[in-house]
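Single-structure report; data block below.
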Amino acid sequence: MTLEISFFNLQMTNLFIGLFSRHPLLRPHSMSIYRLGYSIHSIEPSFTSQENTVNPEAIAHSPTRQHTLLTEWTAAQSLSYEKKEQIRRYLLVNASELETNAGVPLDACSSCSIWVMVLPTSLQTFQDIIDATSSDRLLLCSFDQLLTGEYCIKFHSGSICDTELSSILTQTMKFKRIPEGYLPIPMENLRDQRVTDGVVQQVVAFLINKKYEFSVEDICEAMIGIWTYFQNDKKTAIRGAVKRVMRELSCQNYCRDWLTYNSPNWKAHNLSKSKLDKFIYAVQVDVLIPDDELSTDSVSEE
């Protein structure tokens, strides 16, 4: 069973974060990694190396092992020239750039490796980058969902500087489930229905817990477990998506008379239990009206 491409990045992000955050669903592997002192440094960072911009999917690091791991995962069917050059740029990153430009603690900058994750059908073409670089800092694995329903990371080739971490990542790792709470929305498409669903579900959670005034930032922090790991440009994009959903939501008949925006917060005015019940029912069975079918001129945000 090959994973749908649209879900690959989201699943890989949550899986990677879980592995380096000792998530119970991913034991024993997540605990083995934790014991090496690893933790998440950043998600989708961007920094300069050798006068080029480097954009790994995520960075994990361990001062204990004096090692930093850059990651790249892709659902591409083959190794393109652009992707090959991108991985080559990762291999050029040095300790000084990790510390100064990426903000990695000095104790973790002594060595740096790259972990590449692809679909099983893409392994052969991505092997070219291993053969071409002859690097001992590049590890290639596949990620897929098996016919049994289990998720599987399988080592293909290469190695990384930290031999202890390498012994874990070169195992065949199988998981019945992948944690979903770290990143519930696809970053590559912030107009995906899952973004709308996530925002609405968070608003419902606030109201059920009698939190009747909240900001876009409150929604982002509560909805995305890894909010603090994102750089400002990513946060700005997510905030924009949340603002869009909230504008659409405030125009719906079932909350138009009580959900209002008063910068910088959204407020629920005179929300009775019957109105709340009606709202919860409506969002369970309804779909928000698309942008081009409604006017949001009456609700603006700075």
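The values are calculated or read from the model by the stated rules, or taken from the named source; none is laboratory data. Given the structure is predicted, the values throughout are model-derived calculations rather than measurements. Backbone-built Cβ (ideal geometry, glycine too); neighbour counts: all protein chains shown.
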Worksheet item: Is region 148-167 home to any residue that is in a helix (DSSP H, G or I), hydroxyl-bearing (Ser, Thr, Tyr) and free of Cβ contacts under 8 Å to residues at least 24 places away in the same chain?
Response: yes
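Conditions (1) in contact with a strand residue (DSSP E or B) (Cβ under 9 Å, 6 or more places away or on another chain); (2) surrounded by fewer than 19 Cβ atoms within 10 Å (Cβ to Cβ); (3) within 21 Å of Asn14 (Cα to Cα), marked per residue:
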position: Asn232; (1), (2), (3): no, yes, yes
position: Ile238; (1), (2), (3): yes, no, yes
position: Asn253; (1), (2), (3): no, yes, no
position: Asn265; (1), (2), (3): yes, yes, no
position: Ala268; (1), (2), (3): yes, no, no
Worksheet item: Condition test on Lys154, is it of a type in the set (D, E, K, R), surrounded by 14 or more Cβ atoms within 10 Å (Cβ to Cβ) and within 16 Å of Ser30 (Cα to Cα)?
Response: yes
Practice prompt. Filter the strands (runs of 3 or more DSSP E) completely within region 46-101 down to those with at least 3 residues that are in contact (Cβ under 8 Å) with a residue 12 or more places away in the chain and not hydrophobic (A, V, I, L, M, F, W, C).
Written response: 67-74
Worksheet entry | Pair list, Cβ < 6 Å and 6+ apart or interchain, from region 206-228 residues that are under 18 Å from Leu10 (Cα atoms) to residues that are surrounded by fewer than 15 Cβ atoms within 10 Å (Cβ to Cβ) and of a type in the set (Gly, Ala, Ser) | Gly225/Gly181
Worksheet entry | All positions within region 58-70 that are within 19 Å of the chain's Cα centre (by Cα) and surrounded by fewer than 21 Cβ atoms within 10 Å (Cβ to Cβ) | none
Worksheet item: If you go through region 181-192 one residue at a time, do you hit one that is at pLDDT below 95, in contact with a Phe, Trp or Tyr (Cβ under 6 Å, 6 or more places away or on another chain), buried (at least 16 other Cβ atoms within 10 Å of the Cβ) and closer than 18 Å to Met12 by Cβ?
Response: no
Item to complete: Can you tell me which residue among Leu146, Leu140, Leu165, Leu169 is among the aliphatic types (A, V, I, L, M), closer than 21 Å to Phe126 by Cβ and touching a Gly at 6+ places or on another chain (Cβ under 6 Å)?
Response: Leu140
Response to the item:
Counting only residues in region 110-122 that are in a helix (DSSP H, G or I) and surrounded by fewer than 16 Cβ atoms within 10 Å (Cβ to Cβ), the one farthest from the chain's Cα centre (by Cα) is identified as Thr121
Worksheet entry | Candidate set from region 26-48 (those that are more than 27 Å from Leu123 (Cα to Cα) and in contact with an Asp or Glu (Cβ under 8 Å, 6 or more places away or on another chain)); member that is surrounded by the most Cβ atoms within 10 Å (Cβ to Cβ) | Phe47
Discussion item. Loosely packed, with under 14 Cβ neighbours inside 10 Å, within 23 Å of the chain's Cα centre (by Cα) and within 30 Å of Val242 (Cα to Cα): is that true of Gln202 in this structure?
Written reply: no
Practice prompt. Go through (1) under 28 Å from Pro24 (Cα atoms); (2) acidic (Asp, Glu); (3) surrounded by 12 or more Cβ atoms within 10 Å (Cβ to Cβ); (4) modelled with pLDDT under 90 and name the single condition Glu301 misses.
Written response: (1)
